[in-house]
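*Asks:* If you scroll down you'll find the structure; I have some questions about it.
The values are calculated or read from the model by the stated rules, or taken from the named source; none is laboratory data. Model, not experiment: these values are computed from the prediction. FYI the Cβ positions are ideal-geometry reconstructions off the backbone, even for glycines, and counts take in every protein chain you see. Each accessible area value is taken on the protein alone, full model and side chains, heavy atoms only, with ligands, DNA and RNA left out. Shrake-Rupley method; radii C 1.70, N 1.55, O 1.52, S 1.80 Å.
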Amino acid sequence: MQLHLLPDGSSRVAVLTPAWSRGGECSWAVRQVAAALAGVAEIHVVTTEGAAPVERADGVFVIHELATADRGADLRRDAVLHRMDELPQPARDEVAGRAPLAEALASSLRDPWVGATEVVSTIKPDLVVVADFRQIGAFEAAHEGARRAALVLVPLATVPRIAVLPLFGSLLADVDAALYFTEGERTLFAARIEQGRVVSLPLSRHDSVLREPEPRVREWPGYVLALTDSDRASDDEWLELLSMACAGETLVIASPARLTLRPAAGHAPVRWDEPTRRHDLLRLMAWARATVDLHPGTLFGRESVESLLHSTPIVVPANSSAREHAELGSGGLWFDELSGLLGCVETMRDPATRDALAHQGAAYAQARCTTGPDFVASIARTVHDVARTSPQARTLAEQMAATPSGSLR
Amino acid sequence: MSEHPIDSRELLQRIAARKANEEWTPLPPDDLTDALPPMHTDAVVTALHDRWILPDRLSPGDAGRGWKRAILTPVGRLVFRVLAPYLRAERELLGQLVRSNDALARRCDELAREIARRQALEAENQLRLAAVLHRRDPIDPAR
């Protein structure tokens, strides 16, 4: 089955990603990029996901599922890569250079893409977007299946970020441009990829949540909001300590499965065993004194950015993706151990400090985030940059520039 | 100089400096003295034990001498005989009051010992917490 959603002659884009429908920030980021291109091009998503090889439609996208992914093997490989990345530089290069290990790692990143070359050559794309800089097989499929197509990388360098560049450095030579979602990613790749752009995050403030607080916490103004994973036993210690740090004030804990209210001393805790809806979470963040995000999203920390957008300062782990927002925008604080968390929460008690961080964070987040059309424009600028060196992408660049949202403002 | 009125990095440095200057020492568990003397051996309680039995008859010395003694002795006997049921009941009541007072004093002593024991446990727990905080690893950011 071959779907044609746009008139013949439209540009074609192949998006090669190991995570299209997995959920989480990486899938979300790839979908945003694909959607920005979908207005002028036919988007073919080639993914290792799926239960059986199939070609199907997903909205405006054509999905080519290879059904080759092995989630368990991916987790084991990532654990090895992280351990390698923690080694000091000479030792890391030495380990990465060991033939059996390098071959095993390369194989785990190449084998799932067997068959992708044929799919890509059938698509005949003008532009190939590879999501996740470690996908050796995706780079090879792009190179062999569409030799003349421009190549754009969305690195998806999640935190903790790995480099292990002896393994992946050579892949980056053919990349025409990169789309980064964080400054941290740009720092990691700037020396190896000539053209790169940190795209604005397509997130916006919801003024409706500012009208009134979430009904369940209405009677407890000035609460501290903690975001956590309910399935982590290790979080219990952190939350207990956070409760101690918040003695005399209210702590609201939001996890995927429940909402817990621990009021100021003298009142019994209350728990609602139901998932917190996204709109309610935004409302909780908007009315909190501070948001303590114990596990920000691994790519850019969406909830932390949204908290800043709603003028609530953040407290985040030092080795998380969200630290960038707290640090660059001075919209929050970060910690790397329990006493640090206590210090951050205590500091947020000072109204003047809290308000200054909230103001600065909101200004940073508003500059960092953008509406849909502006996001499309930032992708269009990247395609325009790529088209200077890759003739294959010129038609696509011209088509994007001709649209209202894709004009090169 | 930072473009922000409050720079997060500088603020964290100030917090770290403040924390570095803070001195905290957990309460040593073996330094909890038995500050309160036992209540059940207190002089007030002991006095109650000595004096709770009141007279139930006229003492010979209280009747005086001569004609006074001749009159008061039979009158006294009559009065104490008439009041004997009340005096027995009153003695029983006083006995109960002394015993309950004694029980309360002993319970006070037990509570004081229990509080001291809990304080010692809390102090030990604080020591363990201090050790845990000292060796705490950074939070794991991976989901």
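*Asks:* Can you find a residue in the stretch A:384-394 that is at the interface with chain B (Cβ under 10 Å from one of its Cβ atoms), part of a helix (DSSP H, G or I), touching a residue at least 40 places away in the same chain (Cβ under 8 Å) and surrounded by fewer than 21 Cβ atoms within 10 Å (Cβ to Cβ)?
*Replies:* Within the stretch A:384-394 (the criterion being at the interface with chain B (Cβ under 10 Å from one of its Cβ atoms), part of a helix (DSSP H, G or I), touching a residue at least 40 places away in the same chain (Cβ under 8 Å) and surrounded by fewer than 21 Cβ atoms within 10 Å (Cβ to Cβ)), the answer is no, since none of the residues qualifies.
*Asks:* Going by what's in this entry, would residue A:139 be described as in contact with a Phe, Trp or Tyr (Cβ under 7 Å, 6 or more places away or on another chain), on the phi < 0 side of the Ramachandran plot and either away from every other protein chain (no Cβ under 14 Å) or not in a helix (DSSP H, G or I) (or both)?
*Replies:* no
*Asks:* Sort out which residues of the stretch B:45-69 are open to solvent by 70 Å² or more (accessible area, probe 1.4 Å), hydrophobic (A, V, I, L, M, F, W, C) and farther than 25 Å from residue B:106 by Cβ, and write them in order of number.
*Replies:* B:67
*Asks:* Separate question: Out of all the residues in the stretch A:98-120, which are open to solvent by less than 50 Å² (accessible area, probe 1.4 Å), in a helix (DSSP H, G or I) and in contact (Cβ under 8 Å) with a residue 12 or more places away in the chain?
*Replies:* Correct list: A:102, A:105, A:106, A:108, A:109, A:112, A:113, A:116, A:117, A:119, A:120.
*Asks:* If you check A:57, A:35, which single one turns out to be open to solvent by 10 Å² or more (accessible area, probe 1.4 Å), outside any helix (DSSP H, G or I) and free of Cβ contacts under 8 Å to residues at least 60 places away in the same chain?
*Replies:* Sole residue among the options that is open to solvent by 10 Å² or more (accessible area, probe 1.4 Å), outside any helix (DSSP H, G or I) and free of Cβ contacts under 8 Å to residues at least 60 places away in the same chain: A:57.
*Asks:* Being surrounded by 22 or more Cβ atoms within 10 Å (Cβ to Cβ) and either touching a Cys at 6+ places or on another chain (Cβ under 9 Å) or of a type in the set (Gly, Ala, Ser) (or both) is the filter here, so list the residues in the stretch A:352-377 that pass it.
*Replies:* Once the filter is applied, which keeps residues that are surrounded by 22 or more Cβ atoms within 10 Å (Cβ to Cβ) and either touching a Cys at 6+ places or on another chain (Cβ under 9 Å) or of a type in the set (Gly, Ala, Ser) (or both), the stretch A:352-377 yields A:358, A:361, A:365, A:377.
Yes/no matrix, rows are residues, columns are (1) farther than 30 Å from residue A:374 by Cα; (2) outside any strand (DSSP E or B):
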| position | (1), (2) |
| --- | --- |
| A:161 | no, yes |
| A:168 | yes, yes |
| A:172 | no, yes |
| A:184 | no, yes |
| A:188 | no, yes |
| A:204 | no, yes |
| A:208 | no, yes |
| A:222 | yes, yes |
| A:225 | yes, no |
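*Asks:* Further, regarding this structure: Got a sec? Which helices (runs of 4 or more DSSP H) wholly within the stretch A:286-358 have at least 1 residues that are facing chain B (nearest Cβ under 10 Å), under 19 Å from the mean Cα position of the chain (by Cα) and in contact (Cβ under 8 Å) with a residue 40 or more places away in the chain? Quick ask: steps written out before the conclusion?
*Replies:* Details: elements: A:302-309, A:323-328, A:338-347.
By residue number, A:323-328.
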